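J.: A single structure is presented below for examination.
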Amino acid sequence: MGAKRNIVFDMGNVLMTFDGREFARVFTDSEEDARALYEGFFGRGEWALLDSGTIDHATMMRVAEAHTPERLLPNLHECFDHWPEHSRVIEGTNDLALRLHDAGWGVYVLSNANDRIEQQLSQAPAFDVLDGLVVSARERLMKPDPAIFRVLCERYDLDPASCVFVDDNLDNCAGARVAGLDAFHFTGDATELEAYLGTLA
């Protein structure tokens, strides 16, 4: 598949699903309660602070408790502990990651995520072949800041020009390009991604 020899995946909605509304439904019995749970937890702006490493999980829980109806606090606590288990594997990209690994590519993940990322990512078949992982909460840097892509390349001694970054967010793809990586905007079709990799010289 050409001279590019490292693929760098985002996690959420690339290797594993992330849908806070879907997760909230798992832990509630009605659409109304699911909406309230979502708005108190996944839908809050503080979620980005958790992913950035600015606040910890205990703080996020206090925020969520303050914005969730009291009758739903048991649901919130169960959701807080177990939602990653309900993230689903995206089979096409995981299958591709395994095949790229077998073909000699380096396989990496760079994700805007909290420091419990392994609870979710470890369910992905690609996790077992990863050559490296960079997580926003641990670096206190977030995509699309080009600096987080430079962290990846410096930590694992990668030439940015040898890397293809895959993300469902166009802004994050733009940040990768500023840092010197190639980037592919993933819209759900792994065959399209594989075809793109096949065009690389």
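The values are calculated or read from the model by the stated rules, or taken from the named source; none is laboratory data. This one's a predicted model, so the numbers in the text were calculated from it and none came from an experiment. Ideal geometry is used to build each Cβ from the backbone, glycine not excepted, and the neighbour counts take in all protein chains shown. When the accessible area is computed, the model is the full protein with side chains, heavy atoms only, and any ligands, DNA or RNA have been set aside. Shrake-Rupley method; radii C 1.70, N 1.55, O 1.52, S 1.80 Å.
J.: Considering only the stretch 117-132, I want to know if a residue exists there that is in contact with a helix residue (DSSP H, G or I) (Cβ under 8 Å, 6 or more places away or on another chain), in a helix (DSSP H, G or I), aromatic (Phe, Trp, Tyr) and open to solvent by less than 30 Å² (accessible area, probe 1.4 Å).
T.: Scanning the stretch 117-132, I find no residue that is in contact with a helix residue (DSSP H, G or I) (Cβ under 8 Å, 6 or more places away or on another chain), in a helix (DSSP H, G or I), aromatic (Phe, Trp, Tyr) and open to solvent by less than 30 Å² (accessible area, probe 1.4 Å), so the answer is no.
J.: Tally time: how many residues in the stretch 35-61 are in a helix (DSSP H, G or I), open to solvent by 30 Å² or more (accessible area, probe 1.4 Å) and either in contact with a strand residue (DSSP E or B) (Cβ under 7 Å, 6 or more places away or on another chain) or acidic (Asp, Glu) (or both)?
T.: Going through the stretch 35-61 one residue at a time, the tally reaches 2.
J.: Another question about this same structure. ALA103 is checked against (1) over 21 Å from LEU197 (Cα atoms); (2) among the aliphatic types (A, V, I, L, M); (3) open to solvent by 40 Å² or more (accessible area, probe 1.4 Å) and fails just one. What number does that condition carry?
T.: Exception for ALA103: condition (1).
J.: May I pose another question? Of the numbered conditions (1) over 19 Å from LEU98 (Cβ atoms); (2) without any contact (Cβ under 8 Å) to a residue 60 or more places away in the chain; (3) out of contact with any helix residue (DSSP H, G or I) (no Cβ under 7 Å at 6 or more places or on another chain), GLU192 satisfies every one except a single condition; which is it?
T.: Of the numbered conditions (1) over 19 Å from LEU98 (Cβ atoms); (2) without any contact (Cβ under 8 Å) to a residue 60 or more places away in the chain; (3) out of contact with any helix residue (DSSP H, G or I) (no Cβ under 7 Å at 6 or more places or on another chain), the odd one out for GLU192 is (1).
J.: Moving to a separate point now. Please indicate, with yes or no, whether at least one residue in the stretch 135-144 is within 30 Å of ASP33 (Cα to Cα), in contact (Cβ under 8 Å) with a residue 12 or more places away in the chain and assigned to a loop (DSSP other than H, G, I, E, B).
T.: Among the residues of the stretch 135-144, not one is within 30 Å of ASP33 (Cα to Cα), in contact (Cβ under 8 Å) with a residue 12 or more places away in the chain and assigned to a loop (DSSP other than H, G, I, E, B), which makes the answer no.
J.: On the given criteria, is ASP29 part of a loop (DSSP other than H, G, I, E, B), open to solvent by 20 Å² or more (accessible area, probe 1.4 Å) and more than 25 Å from SER136 (Cα to Cα)?
T.: Considered against the rule, which asks whether it is part of a loop (DSSP other than H, G, I, E, B), open to solvent by 20 Å² or more (accessible area, probe 1.4 Å) and more than 25 Å from SER136 (Cα to Cα), ASP29 comes out as yes.
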